[in-house]
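Participant: Got a structure here, written out as structure tokens. Questions coming.
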Amino acid sequence: MRNLKTEVDALGEVVSKKNSFSAKGLDALGKQIVFSVLRQFFELQAITQELLVKQLNRKHKDLELLIMCGLYAIDNLNQPAHTSVNGAVETSKALKKPWASGLINATLRRYLRERDKIRSRALTTTAAISNHPDWFTRRIQQDWPQEYDQIVSANNTPAPMHLRINQQKVSRNDYIKKLTEVGLQAVKSEHSRYCLTLTDPVSVEKLPGFNLGLVSVQDEAAQLAAILLDPAAGDHVLDACSAPGGKSCHLFEIEPEITLHSIDVDKDRLARVQENFTRLGIRGDIIHQDLLQIKDDQISSFDKILLDAPCSATGVIRRHPDIKLLRRSSDIDKLGSTQRQLLENCWSMLKSQGDLVYATCSILPQENEDLVAEFVQRHADAQPIEVNLTIGKSQAIGHQLLPAIGAHDGFYFAHLRKTSAGKAL
Ligand SMILES: C[S@@+](CC[C@H](N)C(=O)[O-])C[C@H]1O[C@@H](n2cnc3c(N)ncnc32)[C@H](O)[C@@H]1O
């Protein structure tokens, strides 16, 4: 019988305190429970509300989260249903609300008795059926009407584990052999020549040579950013929003003879860039800077710039289901003004004839194609370069990948070259 207090506390951090999900303090099963409850949040919430004869006061949100964990445990854990119920009942005492144990018991037992009836009454709204907030389903319906089902299903399905092989140290074929030696299986992914897809996800400690920098965990779509920027020996390369450093490391792995500058505004996240550089043996300057302000000596100083902009992260919901609870529709406008300013500033840091790749892990045109199209309109020296990918959708400007079951995340890429055609308007 499992006490679910740690899980309820972790959910409360996201749902009530609006913090990002943290696995701190959770064991593997606890992580699975919290992650899954976040993924199925809107469905479990609707069932809970259907079950509760009287809605709970807001100060008892923890009890609502406990019922949701109990429902998840009943339907998914490999244990008798009464064990799941008893675990939830015991947890009400650990939450210092022993008075609620009868309520928890009655609610979950009613679910066991009337499961089909309760589910069909509860699962009637778009939010409960899709497991997404209304603002987001409205946006998908507006922006991707044909792809609505694909996006929703992909967001609700666990993502595969993609590896980026550091080919300065080992080839993809040789790494597959190393995996086989420790009983793991992987196949070459199609679209990134650095990528392997593991048949079953494992913790990084199980990956041969992880500490020696042979391999990193990175989605296949994310790997396309550094490939598109195509760093060449001698290039001065800026990774403008670099933390935690996945794409900076990839740029260096592709071409170690670059001068790499990795900037980020977030000091804590920059510490992770340093960790990754050390593990992988990357040489580059790690710089703490807010790129909404740039310095005079940074103007026109880079041959290539990757701007992996802060965004809604709506392309990576399956890896971060807390996004469905943390993001608001109003965030998109705010993010847009930051993205626009970062793009302006990065553009002024780019040399003439230089290349800039703008990337986001968003599926919303407002942060992607529309924003870059408007930028190109205002800058006569910005020439869009075709993004040649055999997956995803070519847009008027740039290329959009939508999350795909068993494959890559949702990502957007635009490639711009700075010509001498004219001054910015
Ligand atoms: C999508 S993440 C970057 C992921 C990273 N490129 C990677 O592959 O590991 C966006 C980053 O932008 C940074 N950021 C947001 N606003 C910024 C600003 N004004 N100046 C510099 N970095 C900023 C955030 O701290 C965050 O680390």
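Please treat every number below as a calculation from the coordinates, not as lab data. Since the model is a prediction, treat every value here as computed from it, not as a measurement. All Cβ positions, even for glycine, are placed from backbone atoms using ideal geometry, and neighbour counts span all protein chains on display.
Participant: Please state, rounded to one decimal and in Å, the Kirkwood hydrodynamic radius that the range 161-217 gives when every pair of distinct Cα atoms enters the mean of 1/r.
Facilitator: 11.0 Å
Participant: Report relative contact order for the chain in percent, whole number only (criteria: Cα-Cα under 8 Å, sequence separation at least 6).
Facilitator: 13 percent.
Participant: Give me a comma-separated list of calculated 3J(HN,Hα) values for the range 305-318, in order, Karplus coefficients 6.51, -1.76, 1.60 applied at θ = phi - 60°, integers in Hz, x for any Gly or Pro.
Facilitator: Computed from phi, the couplings for the range 305-318 are 10, 9, 10, 8, 6, x, 8, 5, 6, 6, x, 10, 4, 5 Hz.
Participant: Given the peptides 245-257, 210-222, 382-394, arrange them by the average over their residues of other C-beta atoms within 10 Å, most packed first.
Facilitator: Per-residue Cβ counts within 10 Å, averaged per peptide and sorted highest first, yield 245-257, 210-222, 382-394.
Participant: Going by how many other Cβ atoms sit within 10 Å of their own, how do M349, M1 line up, fewest first?
Facilitator: Starting with the residue having the fewest Cβ neighbours, the order is M1, M349.
Participant: Next up: Determine the gain in length on full extension of the stretch D268-K334; use 0.36 nm per residue of separation and subtract their C-alpha separation, reporting nm with one decimal.
Facilitator: Additional length available on full extension: 21.5 nm.
Participant: Applying 1/(1 + (r/R0)^6) with R0 = 35 Å to the Cβ-Cβ distance of Q366 and K169, what FRET efficiency is obtained, to the nearest 0.05?
Facilitator: The formula returns an efficiency of 0.30 here.
Participant: Now for a different question. On a full-extension model of 0.36 nm per residue, what is the gain between T125 and E386, subtracting their alpha-carbon distance, rounded to one decimal in nm?
Facilitator: So the extension gain works out to 89.9 nm.
Participant: Translational diffusion coefficient of the chain at 37 °C, 0.692 mPa s, Stokes-Einstein with Kirkwood Rh over Cα pairs, in µm²/s as a whole number.
Facilitator: 141 µm²/s
Participant: OK, next. Please build a GNM for the chain, connecting alpha carbons under 10 Å apart, and tell me which residue among Q274, Q45, Q298 fluctuates the most.
Facilitator: Comparing Q274, Q45, Q298 in the GNM, the peak value goes to Q298.
Participant: Let me ask another. Could you give the distance between the Cα centres of the range 198-243 and the range 76-138, to the whole Å?
Facilitator: 40 Å
Participant: Shifting gears a bit: Starting at the first residue of the range 203-218, write each ³J(HN,Hα) from the Karplus equation 6.51 cos²θ - 1.76 cosθ + 1.60 with θ = phi - 60°, in whole Hz, x for Gly and Pro.
Facilitator: After applying 6.51 cos²θ - 1.76 cosθ + 1.60, I find 6, 4, 4, 7, 7, x, x, 4, 5, 8, x, 6, 8, 9, 9, 7 Hz.
Participant: Same structure again: Sketch the reach of a paramagnetic label on R283 as a point 7 Å from Cα along Cα-to-Cβ, and name the residues of the range 250-273 whose backbone nitrogen lies under 20 Å away.
Facilitator: Label zone hits: 250-263, 273.
Participant: Please work out how much length the chain gains when fully extended from R417 to L112, using 0.36 nm per residue of separation minus the C-alpha to C-alpha distance, in nm with one decimal.
Facilitator: 103.7 nm
Participant: Take every DSSP beta bridge with both residues inside the chain and express the antiparallel ones as a percent of the total, to the nearest 5.
Facilitator: For the chain, the DSSP antiparallel bridge percentage is about 60.
Participant: Something else about it: Which value does Rg/Rh take for the range 220-418 over its C-alpha atoms, Rh per Kirkwood?
Facilitator: Here the Rg-to-Rh quotient is 0.93.
Participant: Also: If you take the beta carbon distance between K18 and Q341 as r and set R0 to 22 Å, what does 1/(1 + (r/R0)^6) give as a FRET efficiency, to the nearest 0.05?
Facilitator: The pair K18/Q341 has a calculated efficiency of 0.35.
Participant: Eigenvalues of the Cα gyration tensor times 5, then square-rooted: what semi-axes does that give for the range 315-425, in whole angstrom, largest first?
Facilitator: That gives 27, 17, 10 Å for the three semi-axes.
Participant: Quick check on my link table: of K178/K267; K18/K59; K17/K97; K17/K93; K247/K393; K5/K324, which ones sit more than 25 Å apart, alpha carbon to alpha carbon?
Facilitator: K178/K267
Participant: Right, next: Evaluate 2.2 N^0.38 Å with N set to the residue count of the range 240-346, then give the Cα radius of gyration divided by it.
Facilitator: 1.15
Participant: Using amide H atoms built 1.01 Å from N in the peptide plane, name the residues 5+ places from L184, or on other chains, whose amide H lies under 5 Å from its own.
Facilitator: For L184, whose amide H was placed from the backbone, there are no distant partners under 5 Å.
Participant: Can I ask one more? Could you tell me whether the range 303-362 comes out rounded, prolate or oblate from its Cα gyration tensor? Rule is a ≥ b ≥ c as square roots of the eigenvalues, rounded for a/c under 1.5, then prolate if a/b exceeds b/c, otherwise oblate.
Facilitator: It is oblate, given that a/c is not under 1.5 and a/b is not larger than b/c.
Participant: Describe numerically, in nm with one decimal, the distance between label points set 7 Å from Cα along Cα→Cβ at H60 and at S153.
Facilitator: 4.0 nm
Participant: Starting from the coordinates of the alpha-carbon atoms of the range 5-128, obtain the Kirkwood hydrodynamic radius over all distinct pairs and give the value in Å to one decimal.
Facilitator: Final number for the Kirkwood radius of the range 5-128 is 14.5 Å.
Participant: Using θ = phi - 60° and the Karplus form 6.51 cos²θ - 1.76 cosθ + 1.60, what ³J(HN,Hα) does each residue of the range 85-102 get, whole Hz, x for Gly and Pro?
Facilitator: Here the 3J(HN,Hα) series is 5, 4, x, 5, 4, 4, 5, 4, 6, 5, 7, 6, 10, x, 4, 8, 5, x Hz.
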